[in-house]
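What follows is calculated from the coordinates using simple rules that are stated; it is not laboratory data. Not measured: the values here are computed from a predicted model. Here the Cβ positions follow ideal geometry from the backbone for every residue, glycine too, while neighbour counts run over all protein chains shown.
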Amino acid sequence: MLEIKDGKWRNALSVKKLKNGKKKMVTVGKKMILIGMQNDQYFATDALCRHMRWPLAWGAKVEDDCIRCPLHQTTHKITDGELVEWSPFPLFPPYGKLVGKMSREKNLTIYETRVEDTQIQVYF
């Protein structure tokens, strides 16, 4: 397994393996990330929600340049990782607020992406 060194582009996924509107969780070196394609643009984030560490590949929705965790609905911008909404859990808002206090609010890490030959690359 490759070890990630700071300041390097790393192959993450073949462009053939990712269609528009889809996302995949991949491991690059020892780092697990989520790579997606929305509106014909690639994005890469941490693979796990910053709230309760839920894998975002398992049901997260990407809309309006934001990614929303399916577990408690925590939402971040995919452009810069900025927190939009922290654990609102809209089915029962008091529960969402209580669960939201179990972890401090954090932004999502976003990684720069590019396509080189047939590979989607991520910059670490």
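Determine the relative contact order of the chain: mean sequence separation of Cα pairs under 8 Å and six or more apart, normalised by residue count, in whole percent.
Value for the chain: 27 percent.
List the pairs from LYS8/LYS61; LYS23/LYS106; LYS24/LYS97; LYS22/LYS61; LYS8/LYS77; LYS23/LYS61 whose alpha-carbon separation is above 19 Å, in the order I gave them.
Over 19 Å apart, Cα to Cα: LYS8/LYS61; LYS23/LYS106; LYS24/LYS97; LYS8/LYS77.
Taking N as the number of residues in the chain, what is its alpha-carbon radius of gyration divided by 2.2 N^0.38 Å?
Scaled against compact globular proteins, the figure is 1.08.
So what's the net charge close to ASN39: Lys and Arg +1, Asp and Glu -1, counting the other residues with Cβ under 12 Å from its Cβ?
Charge balance near ASN39 sits at -4.
For the range 51-67, take each phi angle, set θ = phi - 60°, evaluate the Karplus expression 6.51 cos²θ - 1.76 cosθ + 1.60, and give the result in whole Hz per residue in order, putting x for glycine and proline.
Per residue, the Karplus-derived 3J(HN,Hα) values read 7, 10, 6, 7, x, 5, 5, 8, x, 5, 9, 10, 8, 6, 6, 10, 10 Hz.
Using 1/(1 + (r/R0)^6) with R0 = 25 angstrom and r between the beta carbons of LYS22 and SER103, what's the FRET efficiency to the nearest 0.05?
The pair LYS22/SER103 has a calculated efficiency of 0.35.
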